[in-house]
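Visitor: Can you keep this structure in mind? I'll have questions shortly.
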Amino acid sequence: MRILILGGTREARELADIASGERGLDIVSSLAGRVRAPVLPVGQVRVGGFGGVDGLREWLGENEIDAVVDATHPFAGGMTANAARAAADAGLRVLHVRRPGWRERRGDRWIRVPDGKAAAEAIAGLGDRVFLTIGRQGVAAFAGAGQWFLIRAIDPPEDAVPARYELLLARGPFALAEEIALLREHRIEVVVTKDSGGALTEAKLTAARTLGIPVVMIDRPPLPEGALQVENVAAARDWLRQLGSGESAGGLE
């Protein structure tokens, strides 16, 4: 069976590595190409967009794909929606791999918001020095804000940026001691982040809790209605094994 893994995440890379060793599975990984120097998975890789639902549906047919695994970032809502529609149109099964979101703990001061625009509104009155750690996409929502921003991203933002900011280019994981030192050094008064989940960048939340700094947490976009979802690579591997053996994989919830 020929499987398309929509990736760019650690889970996608791990799944490609494991599934490439499974008998009867031919894995193709696809990356959006939004990061200049991505960490590549093993095996065949394509980079770039598909051209919307129609382009993806056509690509699936031309490349004789049998099933799709959407292991994109939890905030890649457009790609997730396109994958669900294109796979349904082509009569293919699709599985969404989504790591659990972060959970608020004792001592946290979280303010949950639905999107970047709401986050930009929420920081008003919370402090004048903001740690903006949402990646380079979405920074434009804060372009009109009057606060000073420390913007951390893998690549520089390409759209509008706040009038007062410092750019820190870095890729996780980040250690707790380093995160506490960073917040102290820049006198951060509020943290803005996305509910990406996972341990790779969770230390910033622990650092904020330790220092009593409020966190504006942007909620994830919802998965398509009726989407089949698993939370980890092991469950996704089991789903692929069932497909490869000819068993029904629709029972996973």
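Yes/no per residue for (1) modelled with pLDDT of 95 or more; (2) surrounded by fewer than 22 Cβ atoms within 10 Å (Cβ to Cβ); (3) farther than 19 Å from Ala235 by Cα; (4) among the aliphatic types (A, V, I, L, M):
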site	(1), (2), (3), (4)
Val68	yes, no, no, yes
Ala71	yes, no, no, yes
Gly77	no, yes, yes, no
Asn82	yes, no, yes, no
Ala86	yes, no, yes, yes
Gly91	yes, yes, yes, no
Glu104	yes, yes, yes, no
Gly107	yes, yes, yes, no
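Visitor: Let me ask you something else. In segment 195-218, what residues are over 14 Å from Pro173 (Cα atoms), surrounded by fewer than 16 Cβ atoms within 10 Å (Cβ to Cβ) and not hydroxyl-bearing (Ser, Thr, Tyr)?
Guide: Leu211, Gly212
Visitor: For the structure I just gave you, tell me whether Arg98 is within 16 Å of the chain's Cα centre (by Cα), of a type in the set (Lys, Arg) and open to solvent by 20 Å² or more (accessible area, probe 1.4 Å).
Guide: Here the answer is no, as Arg98 does not meet what is asked.
Visitor: Cβ-Cβ distance below 9 Å, separation of 6 or more or different chains: which pairs start in segment 53-64 with a residue that is on the phi > 0 side of the Ramachandran plot and end on one that is surrounded by 13 or more Cβ atoms within 10 Å (Cβ to Cβ)?
Guide: So the pair list comes out as Glu64/Arg2.
Visitor: Can you tell me which residue is nearest to Arg36 (Cα to Cα) among those in segment 127-142 that are open to solvent by 30 Å² or more (accessible area, probe 1.4 Å) and at pLDDT 95 or above?
Guide: Ala140
Visitor: Take the residues in segment 162-175 that are open to solvent by 60 Å² or more (accessible area, probe 1.4 Å) and within 21 Å of the chain's Cα centre (by Cα), then tell me which one is farthest from Gly8 (Cα to Cα).
Guide: Leu167
Visitor: Find all pairs meeting these conditions: Cβ atoms under 7 angstrom apart; at least six residues apart or on different chains; first residue within segment 215-234 and over 17 Å from Val191 (Cβ atoms); second residue among the aromatic types (Phe, Trp, Tyr) and part of a strand (DSSP E or B).
Guide: Sorted first by the residue in segment 215-234, then by its partner, the list stays empty.
Visitor: Condition first: farther than 14 Å from Glu11 by Cβ and either touching a Ser or Thr at 6+ places or on another chain (Cβ under 9 Å) or not in a loop (DSSP other than H, G, I, E, B) (or both). Now tell me which residues in segment 31-41 satisfy that.
Guide: Ala32, Leu40 - these are the residues of segment 31-41 that are farther than 14 Å from Glu11 by Cβ and either touching a Ser or Thr at 6+ places or on another chain (Cβ under 9 Å) or not in a loop (DSSP other than H, G, I, E, B) (or both).
Visitor: On the basis of being more than 22 Å from the chain's Cα centre (by Cα), on the phi < 0 side of the Ramachandran plot and assigned to a helix (DSSP H, G or I), does Thr210 make the cut?
Guide: Yes: the conditions hold for Thr210.
The values are calculated or read from the model by the stated rules, or taken from the named source; none is laboratory data. Source: prediction; values computed, not measured. Please note: Cβ atoms are built from the backbone with ideal geometry, for glycine as well, and neighbour counts cover all protein chains shown. Protein only, heavy atoms only, side chains kept; ligands, DNA and RNA dropped before computing areas. Shrake-Rupley method; radii C 1.70, N 1.55, O 1.52, S 1.80 Å.
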